[in-house]
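The values are calculated or read from the model by the stated rules, or taken from the named source; none is laboratory data. Keep in mind the model is a prediction, meaning the values are calculated, not measured. Glycine gets a Cβ as well: all are built from the backbone with ideal geometry, and neighbour counts include every protein chain shown. Remember, those area values only see protein heavy atoms, side chains included, never the ligands or the DNA or RNA. Shrake-Rupley method; radii C 1.70, N 1.55, O 1.52, S 1.80 Å.
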Amino acid sequence: MKKLISLLVVVFMITACNQKKCENDKKDSMKTINENTIKKAIDELFAQHGKDNSLRIETGVNQVAQFWKSEDGNEDDFIKFCKENFIADQEKLDVFFNKTSHYFEMLFGSFNMLNIELKRTLHLDLGELTPVDMLFGSYDPSSHFMDDMFNNKLAHHVLLNFPHYSLAEKEAKGKDWTRKEWAYARMADVFTSRTPASLLLKEAQIETEADTYISEYNIIMHNLRDNAGKQLFTDSLRLISHWGLRDELKANYNKGEDGLNKQKLIYEVMKRIITQEIPKEVINNEELVWNPYKNTAKKGDADVSITPEPNVRYEHLLNQFKVLKEIDPYCPYYSTYIDRAFEKNMEMRQEFVEKLFVELVSSEQIKKVGALISKRLGRSLEPFDIWYDGFKSRSNQNESELSKTLNKKYPDVKAYEKDIPNFLVKLGFEKEKAQDISKHIVVEGARGAGHAWGAQMKGDVAHLRSRIPKGGMDYKGYNIGMHELGHCVEQTITLYDIDYYMLKGVPNTAFTEAMAFMFQKRDLSLMGINNKDENEKYLQTLDIFWSMYEIMGVSLVDMNVWKWLYANPDATPEQLKNQVLVITKDIWNKYYAPVFGKKDEPILGIYSHMIAYPLYLSAYPVGHLIEFQVEDYIKTNNAVFAKEIYRMLLNGSVVPQHWMLKAVNQEISNKPVFKAVEEALAKVN
Ligand SMILES: [Zn+2]
């Protein structure tokens, strides 16, 4: 997870005393400068600097006008500002760029450090949360950044001097840009909205509430009962929805009828969560036993009356929608959250992503792989087989044996942290480079499922967080730890070794996920377990392909829910729940029922990301596509993993398609996956 999440109750104070300011913000809409004034400013700048810079002048003046509020000054002030601050001279422009870039690093880096510290107790396994943790954890020190930068007009300087390019322009022109031109374009991307701080505070508050709801949502597995009243899961098993439930479901392949019964029971739990029929009394509660099939609960031998969770899940999603919609008018280049998620953040058009996903989930190859899975399982497919795990070589490894080894090797986070340079050397980094990267990574025990939080300034460290239970690290924690290590290595290289700070990072979260996936899938070989099965390569292809099928379906649900929300902005939580059910079943019936032979299954609605991190999910399947293309490139060229990854990461945050062309000579597409799946099917069948 790579998010700068934010805040809570301090906000009440701020929003209350800022009531008047909010009203002013509404009245004081952006773009208060008329066309004549814009023309006058442009003409005067032409007269001052000649027409050499005509395109930059026209774009810059229009950009400032677009974000100008009456509080910035009147029309004369506007013209004066443009005349005094347009930089025609290239050397002076470079000085402005370099200084601003440095100051940004100091600001973003420090905000990030503060954020990490203030959320430390919320994110780490540090005991019970108290209200004071929520107060500080939900406070976002950067929430006034945009306001301040517009108030002191730094934003106006950037808008005036650095043309903003749309995604289409970046894709078309960016091919011929130098690194410096790319860095300039990225500076223009800093100021694409002028959202009032009060609204950003509100957004952060709502996000934190959703995040906390999700990360504290545990199912007490040993308290579940089947219809015979039997306990299927071992004592002290508490699983977080949906990650923990899903992973337990995956771990129960290859375990005969007992395994299948556990899987069926988990799916019943999931359905009760999606439909919100889950009794609110059983969430996080050790005291009640619950039969999810009949939806009845007991305390000891006595029946207990239960109340369904009152649509809390959908209330959080609705709150996210409402606040994000409120922000729309302050983003002139991207007028909906859907645009911001795709065009701005992902830098891939939503229609392109949807088409890519539909092409894959409705492909012939998927039907063939589905038939193969059914054959391997010796039964017809169940809806939860979207998480079929039997292509992984590790399904043949005894997980508890692996955990025993890991318990001993990594009794605590520090033991794991100490081993990071060795992991990196095994992946092909030179010893010195491995140590250099490792010293910028700190490992900590997560409260939730685990995440990686990178630094934003040189001199700071990336935080790798994974769950480490009392007895030492288990296989699940190790596997997630490897995923997060991939993130941390990416975050470190693309901060410390990049040529321009403005180009730090990767094009979007799909790329950092791709890095994380590639580290994660090397987990066993990093333990020294090398699977000799010659079919492994083909099985791995099928495994990735099947997991793409799963997440693409969930992403399609996510996208369609958001389209529906924009069309139905006044929906109630109950209406939203019903519509999520309609959409999940519709996507299921179109792309999954033909493979599974069962209609109207709601399973695609279980993901927690939909609630806590809206429209983030597409990053995962696109991440898999990238992962696949990169792995394919490395294999085909017989190259060393670490060396190629390092070379690719130095591309930094150019747009996705350019990054891919430089990295693997291909744009993002399904074609290489389809080809490889056909090859794999021929061998594995
Ligand atoms: Zn990740």
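Numerical summary
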quantity: Residues in the stretch 224-245 that a label on V304 would reach, taking backbone N under 15 Å of a point 7 Å out along Cα→Cβ; calculated: 224-225
quantity: Antiparallel content of DSSP bridges confined to the chain, in %, to 5; calculated: 70
quantity: Length released on extending from D176 to L124, taking residue separation times 0.36 nm less the Cα-Cα span; calculated: 14.2 nm
quantity: The chain - charge dipole about Cα centre, Lys and Arg +1 at Cβ, Asp and Glu -1, debye rounded to 20; calculated: 1320
quantity: Beta bridge orientation in the stretch 398-526: antiparallel %, DSSP, nearest 5; calculated: 35
quantity: Between helix 399-409 and the chain: long-axis angle, C-alpha atoms, 0 to 90°, nearest 10; calculated: 60
quantity: R376 versus D412: modelled label distance in nm, points set 7 Å from Cα along the beta carbon direction; calculated: 4.1
quantity: Potential lengthening between N285 and A567 on full extension [0.36 nm per residue; Cα-Cα distance subtracted]; calculated: 97.7 nm
quantity: Potential lengthening between K426 and K92 on full extension [0.36 nm per residue; Cα-Cα distance subtracted]; calculated: 115.6 nm
quantity: Surface/4 estimate of mean projected area, convex hull on alpha-carbon atoms of the chain, nm²; calculated: 30.3
quantity: Reachable lysines from K431, criterion Cα separation under 18 angstrom, eight or more residues apart if same chain; calculated: K418, K439, K643
quantity: Cα gyration tensor, the stretch 62-204 - rounded (a/c under 1.5), prolate or oblate; calculated: prolate
quantity: Probe 1.4 Å, all protein chains present, accessible-area order of R313, R272, largest first; calculated: R272, R313
quantity: The stretch 398-526 - charge dipole about Cα centre, Lys and Arg +1 at Cβ, Asp and Glu -1, debye rounded to 20; calculated: 380
quantity: Sum of -39500 (n - 2.57) over DSSP H runs of 4+, divided by residues of the chain (222 nm, nearest 500); calculated: -18000 deg cm²/dmol
quantity: Global form of the stretch 312-381, assessed from the alpha-carbon gyration tensor, a/c cut-off 1.5; calculated: oblate
quantity: Residues with amide H under 5 Å from that of T296, placed H, sequence gap 5 or more; calculated: N291
quantity: Residues whose placed amide H lies under 5 Å from that of A446, excluding near-sequence neighbours; calculated: D125, S466, R467, I468
quantity: Using a Förster distance of 51 Å, the FRET efficiency for E574-A168 (Cβ separation, nearest 0.05); calculated: 0.80
quantity: Label-to-label distance, nm, for residues given as Y213 and K599 (7 Å Cα→Cβ offset); calculated: 3.2
quantity: Cα long-axis angle, helix 75-85 against the chain (0 to 90 degrees, to the nearest 10); calculated: 80
quantity: Sites K439 and K355 - FRET efficiency at Förster radius 45 Å, r taken between beta-carbons, to 0.05; calculated: 0.55
quantity: Accessible area per residue in Å² at 1.4 Å probe, computed on the stretch 398-526; calculated: 35
quantity: On Cα atoms only, tilt of 350-361 relative to the major axis of the chain in degrees; calculated: 20
quantity: Label point distance in nm, E71-S400, each placed 7 Å from Cα along Cα→Cβ; calculated: 6.3
quantity: Three-way shape call for the stretch 214-313 based on the alpha-carbon gyration tensor, with the a/c threshold at 1.5; calculated: oblate
